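Notes for the one structure printed next.
No value in this document is a laboratory result; all are computed from the given coordinates. Just so it is clear, the structure is predicted and the values come from calculations on it, not from any experiment. All Cβ positions, glycine included, derive from the backbone under ideal geometry; neighbour counts span all protein chains shown.
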Amino acid sequence: MVDIMQRIFRRKFFRDIFNKLIGKEKKLKIGFYGHPNSGKTTLANRMTEDWTGKSLGLISEIPHETRKVCRQERVTLTYDGVELDFDIIDTPGIATKIDYKNFLEYGLSEEDAKERAKEATKGIIEAIKWLDDVTGVLLVVDSTKDPLTQANITIIGNLEARNIPFVVVANKVDLPDSNTGKILSVFPQHKVVGISALKGENVDELYQTMVERFN
């Protein structure tokens with residue numbers, strides 16, 4: 001899976017450079033990236049509920065609930081008198097390895113687990129391809145877990161190479177074992193905002209950061 005990701009990233013990188021050279025303009029599209037169950041869809045739902053009055057996607061304790069890219073167009077975020085108009089692109093969770101056996105622990109049948117693993121793999125490839133189109137990224141990180149993973153490093157490396165602005169969102173600060181300090185120490189050169197997408201804690205700071213970073 002790592003080799004597949006690297007090959008796709010290289011192709012997308014050179015295509016992105018070409019698009020910039022010919023002056024191809026892009027509509028503002030904010031991609032939500034991160035590990036499975038980091039809270040991407042919970043955050044996307046929080047944002048769409050705040051600014052459009054409706055949810056975007058389903059959430060579940062089972063990893064890879066989101067296996068296809070979900071898009072909400074024309075979201076208008078207003079903060080301190082400044083408006084940010086954008087599309088939300090909620091992508092499937094990025095993982096370097098998917099084993100159908102992991103899904104058996106959640107009560108899925110072997111057939112359903114294998115199908116979910118197959119769909120999740122396709123979803124990861126689709127998410128990577130979307131880096132051609134996003135103009136900004138919220139990298140959602142579970143603040144209760146180690147952020148120094150191959151998936152996070154690969155995503156950030158490609159965002160930096162493409163000059164795509166991004167914000168590291170340290171999610172789940174409402175949990176007792178949250179450690180935003182660890183995320184700050186791992187990514188000291190990047191903007192990190194600690195939030196609880198589930199409880200809505202500190203989302204105003206995230207909105208302010210988005211206005212400043214993506215406008």
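Brief remarks on what is shown
- The set of residues in the range 68-77 that are without any contact (Cβ under 8 Å) to a residue 60 or more places away in the chain and either surrounded by fewer than 13 Cβ atoms within 10 Å (Cβ to Cβ) or within 16 Å of the chain's Cα centre (by Cα) (or both) comprises Lys68, Cys70, Arg71, Gln72, Glu73, Arg74, Thr76.
- Single condition Glu201 does not satisfy, out of (1) without any contact (Cβ under 8 Å) to a residue 60 or more places away in the chain; (2) more than 24 Å from Asp87 (Cβ to Cβ); (3) out of contact with any Gly (no Cβ under 9 Å at 6 or more places or on another chain): (3)
Yes/no per residue for (1) in contact with a Ser or Thr (Cβ under 6 Å, 6 or more places away or on another chain); (2) crowded, with 17+ Cβ neighbours inside 10 Å; (3) farther than 20 Å from Leu28 by Cα:
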{"site": "Asn163", "(1), (2), (3)": "no, no, no"}
{"site": "Val169", "(1), (2), (3)": "no, yes, no"}
{"site": "Val173", "(1), (2), (3)": "yes, yes, yes"}
{"site": "Thr180", "(1), (2), (3)": "yes, yes, yes"}
{"site": "Ile195", "(1), (2), (3)": "no, yes, yes"}
{"site": "Gly200", "(1), (2), (3)": "no, no, yes"}
{"site": "Leu206", "(1), (2), (3)": "no, yes, no"}
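- Considering residues of the range 78-135 that are small (Gly, Ala, Ser) and closer than 30 Å to Arg213 by Cα only, the residue surrounded by the most Cβ atoms within 10 Å (Cβ to Cβ): Ala127
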